[in-house]
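Have a look at the structure below, then the notes.
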Amino acid sequence: MNDASRPTLRSKTRLRYDRHREAFCLLWPERGLLLNASAGVILQRCRGQETVSSIVNTLSAQYPDTERQRIEDDVHRLIGELSRRGLLTLE
Amino acid sequence: MPERPYTLTAELTYRCPLQCAYCSNPISYDNRPALRTEQWRRLFSEAEAMGVMQVNLTGGEPLLRNDLERLIECTHGLGLYTHLITSGVPLSRRRLTRLRDSGLDAIQLSLQSTDQARADEIAGLPVHDAKLAVARWTQELRLPLTLNVVLHRDTIEEIQDIIALAEALQAERLELANVQYLGWAFMNRRALLPTHAQLEEARRIAHAARERLSGRMEILFVTPDYYTDVPRACMDGWGRRHLVVSPDGLVLPCHLAHQLPGLTFERAGTRPLLDIWETSEGFTRFRGEEWMPDPCRSCEHRAVDFGGCRCQAFQLTGQLEAVDPVCRWSPDHHLVQRAREAAANSSAPAPVAAPLRKRELQMVP
């Protein structure tokens, strides 16, 4: 992964907001991940339109109280993990 | 109050053109009318309202219902992840296109073997080539595919070929589903249970492939309980995450729970689904830990396996509350050990009882 990669959730996955648990859920066949708030915000942007660096920029602007470095670490960790698990591709 | 369920498995019919000896449907059941389109729709909507996120449409063979398109439109419209679990028989490319356009998210297709003659023998019908065609159409139509191959004595050594076929078909997921020995499979255990050596070799190959294909194909290797010594967290715990509804509308914690004697299950539509989930006798009976026998109730593994599989405990011991005999601490563990030894020592093919009469009528073996 580099800053110009465009993370894209694989077609077998769907992101859905769970109003009971008040969190986003990433669903794929017979599996699901209940996401914490920051993972939900990050994955909504993983549609193949934005690069890793633009996601970090957008979220830094959206959450000025959070350190940019922390956002960057979160984005890299989550995207790396989901790409290893085959839930997301990096184009 | 218990947690809300995540998954609804809708068994749309028990009818199926195939006759696999390990069929996971009940051996016998009441011949009640199946739920109608409108009843399923109401159920899906109630399930969504109480927190369900995913729906598995299965059977029997769900393709035998001509309202499948409408049911998919309904679950998709509710925002539920909609997964069709099918043998792919009978199916045309045109209908598969319609199913996709109705909002299907993903499809799981079963193959009985990689060898055409063997596959057709297991299925009891010449369907292997038709199933391969369905697999290819899923790629053309960009429907995410899970390939499911059931592993048993006669197919487990095909594992390399199975993995190669899944790669060639560009499956997103491969489920190497070892038979669990309940119902039909229990009746046919002698013919189906692999040896320990067969299982270990298959596991080694599956793990190597999982590593090699990591990030490209998800490979699930489900170990048969008979070779684990530790119970499986059956259904992730009784009445904890999953709802199953039988073709005639019984609301169940697993697909065989209505085979257990002395438990009462309720029918969808008789009272709110959430009430059935939370308070019905069938759901509360084995939820949590209070029902557990010794040594489960003091075992640190109880929060991992939730007491194992009730159907298996009953099948092997005749007692509903027995420790799951696959557990090494079960007083009945020798029953499982004996089955393993028998598998290791038998060479002659065992006779097989296939669900030939898998029609809508009651079946008695």
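The values are calculated or read from the model by the stated rules, or taken from the named source; none is laboratory data. Remember, it's a predicted structure, so these values are computed and weren't measured experimentally. Note that we place each Cβ from the backbone using ideal geometry, even for glycine, and neighbour counts take in every protein chain shown. With ligands, DNA and RNA removed, areas are computed over all heavy atoms of the protein, side chains included. Shrake-Rupley method; radii C 1.70, N 1.55, O 1.52, S 1.80 Å.
Count of segment B:301-343 residues, restricted to those that are of a type in the set (Gly, Ala, Ser), closer than 24 Å to B:His152 by Cα and either open to solvent by 70 Å² or more (accessible area, probe 1.4 Å) or assigned to a loop (DSSP other than H, G, I, E, B) (or both), is 1. Yes or no: segment B:148-165 includes at least one residue that is in a strand (DSSP E or B), of a type outside the set (A, V, I, L, M) and either more than 26 Å from A:Leu88 (Cβ to Cβ) or under 16 Å from the mean Cα position of the chain (by Cα) (or both). Scanning segment B:148-165, I find at least one residue that is in a strand (DSSP E or B), of a type outside the set (A, V, I, L, M) and either more than 26 Å from A:Leu88 (Cβ to Cβ) or under 16 Å from the mean Cα position of the chain (by Cα) (or both), so the answer is yes. Scanning segment B:96-125 for residues that are part of a loop (DSSP other than H, G, I, E, B) and at pLDDT below 95 yields B:Gly124, B:Leu125. When the residues of segment A:21-52 are filtered to those that are part of a loop (DSSP other than H, G, I, E, B) and over 21 Å from A:Asn2 (Cα atoms), which remaining residue is farthest from the other protein chains (Cβ to nearest Cβ)? The extreme case among them is A:Asn36.
Summed over segment B:105-117, residues that are without any contact (Cβ under 8 Å) to a residue 40 or more places away in the chain and more than 11 Å from every other protein chain (Cβ to nearest Cβ) total 3.
Can you pull out every residue in segment B:254-284 that is over 22 Å from the mean Cα position of the chain (by Cα), outside any helix (DSSP H, G or I) and buried (at least 17 other Cβ atoms within 10 Å of the Cβ)? Selection gives B:Ser280 alone.
Quick one: in segment B:204-231, of everything that is open to solvent by 50 Å² or more (accessible area, probe 1.4 Å) and at pLDDT 95 or above, which residue is farthest from the other protein chains (Cβ to nearest Cβ)? Top of the filtered list is B:Arg204.
Within segment A:77-91, the set of residues being at the interface with another protein chain (Cβ under 10 Å from one of its Cβ atoms), aliphatic (A, V, I, L, M) and assigned to a helix (DSSP H, G or I) comprises just one member, A:Leu82. Checked against (1) open to solvent by 20 Å² or more (accessible area, probe 1.4 Å); (2) touching a residue at least 60 places away in the same chain (Cβ under 8 Å); (3) in a helix (DSSP H, G or I), B:Ala47 passes all but condition (1).
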